[in-house]
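Asks: Handing you a structure now.
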Amino acid sequence: MPHLNHDEMDRLVDALRAFHGMNAADHTSALLQVAKNDPMVFCDAIEDVHNSKPFVNQAPVVEMYKVLFHGYDAKVSYSKISSIKVCREVTGKSLYDAKALVESAPQTVAELLSREQAEEMAAKFNTVGGMAGISKM
């Protein structure tokens, strides 16, 4: 088994925690648990760290989105009030804060959303006369 320096050991422990979903605070107990449960994964992980290879079982990259409120249709009499109501509904903001956000457009309404959540939130604004879109973070 190859010898690992401190940085390589930290990377190994982080990778094994990610792979096995462990939250062990102690490096030694975490390594012993993995070595006992699955010695081949343990040895492969040590080899990968030592050789600076990327880990095969890394967590997938999650794309996050934000919702941007661009304004409301001034020609439609209810769109400002409706946009404020939707803003309060989807963000939980107070009436004062929601009104300030709608009136100071363009503004970011919400961040760190999945694509589906962001599209749903933007659609709520768009159906009441507001103009909202999503953007990848």
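Asks: What list of ³J(HN,Hα) couplings, whole Hz, do you get for the stretch 121-130 from phi and the Karplus terms 6.51, -1.76, 1.60, once you set θ to phi - 60° and write x for glycine and proline?
Replies: 5, 5, 5, 4, 5, 5, 6, 9, x, x
Asks: Report, by chain and number, residues whose modeled amide H sits under 5 Å from the one on Ala110, excluding near sequence neighbours (fewer than 5 apart, same chain).
Replies: For Ala110, the qualifying residues are Val67.
Asks: Local charge sum around Gly130 (other residues, Cβ-Cβ under 9 Å, Lys/Arg +1, Asp/Glu -1)? Please list the in-between numbers first.
Replies: Working: positive: Lys80, Lys124; negative: Asp73.
Result for the local shell: +1.
Asks: By per-residue mean of other Cβ atoms within 10 Å, what is the highest-first order of 61-67, 80-86?
Replies: 80-86, 61-67
Asks: Based on the Kirkwood radius over alpha-carbon pairs, what is the Stokes-Einstein translational diffusion coefficient of the stretch 65-136 at 37 °C with 0.692 mPa s viscosity, in µm²/s?
Replies: Result for D is 283 µm²/s.
Asks: Each residue of the stretch 92-106 in order: what ³J(HN,Hα) in whole Hz does its phi give by Karplus 6.51 cos²θ - 1.76 cosθ + 1.60, θ = phi - 60°, with x for Gly and Pro?
Replies: Karplus-based 3J(HN,Hα) across the stretch 92-106 equals x, 6, 6, 4, 4, 5, 5, 4, 4, 5, 5, 6, 9, 4, x Hz.
Where a number appears in this text, it was derived from the coordinates with a stated rule and is not lab data. Quantities reported herein were computed from a predicted structural model and do not represent experimental measurements. Every residue, glycine as well, gets a Cβ built from its backbone with ideal geometry; the counts of neighbours run over all protein chains shown.
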